[in-house]
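Colleague: Structure provided below as structure tokens; questions to follow.
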Amino acid sequence: MQTDSNTLNSALQEFFVTSLQELYWSEVNLRTTLNTMAEEATTNKLKEAFQLHAEQTAGHAQALEQVFALLGITAQPEPSVGLQGLFDEGWQVIDETEKGSAQRDVALIIAAQKVEHYEIACYGSLITLAKTLGHNEIAQLLEPVLAEEKETDSILTSIAASGINAEARQEPATQVS
């Protein structure tokens, strides 16, 4: 599908660009959140998973910068209310769980997976929109990012199932002040 002047001036194109800007904002801000989550995680496996994804996230932001360049516009982040809420939830689970506990790791995994699922939905939808709008090169740039988001989700599930959830089940309930 070719991109024509009607497509470039369409409401769908404007929505596409705004969605890219929101995703760019999230990738730029997610790196800080992931670094904090890595510091707060108890197990080395989880720390390493968060550190790896923080590195990948920098690459995701760069991929989005390439997308903006292909569109001929400046990479401009636009705050995402949905992702801000999920980031806030990540900070909240740190405050509400005991440092060094398996429960904290479980909560961090769940908070991170919520973000991953949101990003998977966004990238998948934007790939489809890119193709619809005739931006096939953009779709090709976003596909590896989507694959990494799915891989991260799978890694987090594997870490949870490898014993952290069972370990958290054995921890006594405590009051965090």
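Colleague: Quick one: helix 102-132 against the long Cα principal axis of the chain, what's the angle to the nearest 10°, folded into 0 to 90?
Modeller: For 102-132 against the chain, the angle is about 10 degrees.
Colleague: Another one. Determine the order of ASP95, ASP153, ASP88, ASP105 by accessible area, beginning with the largest, at a probe radius of 1.4 Å.
Modeller: ASP95, ASP88, ASP153, ASP105
Colleague: In degrees between 0 and 90, to the nearest 10, how far off the longest principal axis of the chain does helix 81-96 point, with axes built from Cα atoms?
Modeller: That helix lies at roughly 10 degrees to the long axis.
Colleague: While we're here: So what is the relative contact order for the stretch 2-78, in percent, with contacts set as C-alpha pairs under 8 Å and at least six apart?
Modeller: RCO, the stretch 2-78: 38 percent.
Colleague: How would you order 42-49, 74-81 from highest to lowest mean count of nearby Cβ atoms within 10 Å?
Modeller: For the peptides 42-49, 74-81, the packing ranking is 42-49, 74-81.
Colleague: Still on this structure, please answer the following. Computed from these coordinates, which is Cα extents along the principal axes in Å: [x] 43, 35, 25; [y] 63, 29, 20; [z] 44, 38, 29?
Modeller: Given [x] 43, 35, 25; [y] 63, 29, 20; [z] 44, 38, 29, the structure-derived one carries the label [y].
Colleague: Could you report the chain's accessible area per residue, 1.4 Å probe, as an integer in Å²?
Modeller: Per residue, the chain has an accessible area of 52 Å².
Colleague: Something else: Rounded to the nearest 10 degrees, what's the angle between the helix 44-71 long axis and the longest principal axis of the chain, both from Cα atoms, 0 to 90?
Modeller: It is inclined by approximately 10 degrees.
Colleague: Going by average Cβ neighbours within 10 Å, how do the peptides 20-26, 128-134 rank, with the highest at the top?
Modeller: In decreasing order of mean packing, 20-26, 128-134 become 20-26, 128-134.
Colleague: Leaving out ligands, DNA and RNA, and with a 1.4 Å probe, what % of the accessible surface on the stretch 1-152 is carbon or sulfur?
Modeller: Summing carbon and sulfur atoms, their accessible area is 51 percent of the total for the stretch 1-152.
Colleague: By the gyration tensor of its Cα atoms, with a ≥ b ≥ c the square roots of the eigenvalues, what is the shape of the stretch 27-125: rounded for a/c under 1.5, prolate for a/b over b/c, or oblate?
Modeller: Taking the square roots of the gyration eigenvalues as a ≥ b ≥ c, the stretch 27-125 is prolate.
The values are calculated or read from the model by the stated rules, or taken from the named source; none is laboratory data. These numbers come from a predicted model, not from an experiment. FYI the Cβ positions are ideal-geometry reconstructions off the backbone, even for glycines, and counts take in every protein chain you see. SASA here: full protein model, heavy atoms, side chains in, ligands and nucleic acids out. Shrake-Rupley method; radii C 1.70, N 1.55, O 1.52, S 1.80 Å.
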